[in-house]
Amino acid sequence: MLHTSPFAVAFLGAIAAFAAAAPARAAIVEEVPYVTTPGNVTAAMLDLAGVKAGDHVIDLGSGDGRIVIAAARRGATGLGVDNDPGLVAESIANARRAGVADRARFLEQDLFTTDLSPATVVTMYLLPEVNLRLRPAILGLRPGTRVVSHDWDMGDWKPDRSVTVAVPEKKLGLEKSSRVFLWIVPARVEGLWCGRAGNRRATLRLGQAFQAVRGELREGGSAPESVTGRLDGATLAMAGGGQLAFAGANARATGRLAAYDWRRADGEACPAP
Ligand SMILES: C[S@@+](CC[C@H](N)C(=O)[O-])C[C@H]1O[C@@H](n2cnc3c(N)ncnc32)[C@H](O)[C@@H]1O
């Protein structure tokens, strides 16, 4: 059973109110109601994700298109998907009016079946339960993909950064502020890595919980040593210094492990020298 915060209760309460006020749209908003992100929160989301030219932003449940349009104004390209055809039409008109129709696309589409792989940034203002349903797909994205969510977190996948933005006019929830969370999709580094430097050998066995990495390093015949570190996308910063930059089955180290060429083990053990 998922924990539902007082914010979620208030947000869900809005569904009933909205459905009563606009019965024609009630079926469409079954999962997530249409509530817009204020302009200053939209700016905070894009700032936190560092959106700039060259980024491709996908907004899941794009409403009137404001997040994608604001991203396009920063020079990025974007796609907004919403299952409400009226909102999609409104977004297309808004993008045209804003002069960014060439960079901001909108599709009537279910957010759960949307291909997220082209995104460098994913934005969401959904619900806690919906974020958790999307989490496996998000964790499968290219390491380094940035994900920002307005108000709702992703359970035990703790954000890399978060900010609170004052929203005096906020109608939902008890606090007159919004929270904005940023996650950077971590590389999957769990498993055995083999280091080779001439005829010297080292092994690194890593375990991983999202960005947090723990493991055991063995260099030559020396005693095993505990290592910990934190992933920022595909780069592991090791406690005590040095980094490992992962690229598929290879990793390049700086610091004390820099002498070795690192490769993921093919099987259960590293090859003998
Ligand atoms: C809280 S609003 C956020 C709108 C916009 N992203 C913003 O922040 O201003 C959520 C949006 O998700 C849309 N939505 C809900 N369920 C959806 C689904 N399964 N697929 C696509 N869009 C959905 C709703 O129509 C609504 O526009």
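The values are calculated or read from the model by the stated rules, or taken from the named source; none is laboratory data. Note that the structure is predicted; figures quoted are calculated from it, not measured. FYI the Cβ positions are ideal-geometry reconstructions off the backbone, even for glycines, and counts take in every protein chain you see.
Overview of values
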quantity: Cross-chain or 6+ apart pairs with Cβ under 8 Å, the stretch 66-85 first and within 23 Å of residue 33 (Cβ to Cβ) and free of Cβ contacts under 8 Å to residues at least 12 places away in the same chain, then small (Gly, Ala, Ser) and surrounded by fewer than 22 Cβ atoms within 10 Å (Cβ to Cβ); calculated: none
quantity: Subset of the stretch 219-269 (residues that are of a type in the set (Asp, Glu) and surrounded by 17 or more Cβ atoms within 10 Å (Cβ to Cβ)); calculated: 219
quantity: Members of the stretch 89-125 found to be near the ligand (Cβ under 9 Å from one of its atoms), in a helix (DSSP H, G or I) and either buried (at least 21 other Cβ atoms within 10 Å of the Cβ) or of a type in the set (S, T, N, Q) (or both), listed by number; calculated: 111, 113
quantity: Candidates 197, 166, 137, 209 - the one that is within 18 Å of residue 258 (Cα to Cα) and either within 16 Å of the ligand (Cβ to nearest atom) or aliphatic (A, V, I, L, M) (or both); calculated: 197
quantity: Strands (runs of 3 or more DSSP E) enclosed by the stretch 164-273 - at least 2 residues per element that are of a type in the set (D, E, K, R); calculated: 200-209, 212-219, 225-232, 261-264
quantity: Residue within the stretch 55-77 that is farther than 18 Å from residue 149 by Cα, more than 11 Å from the ligand (Cβ to nearest atom), modelled with pLDDT under 95 and not in a helix (DSSP H, G or I) present; calculated: no
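Yes/no per residue for (1) within 15 Å of residue 253 (Cα to Cα); (2) surrounded by 17 or more Cβ atoms within 10 Å (Cβ to Cβ):
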residue	(1), (2)
177	no, no
182	no, yes
197	yes, no
204	yes, yes
217	yes, yes
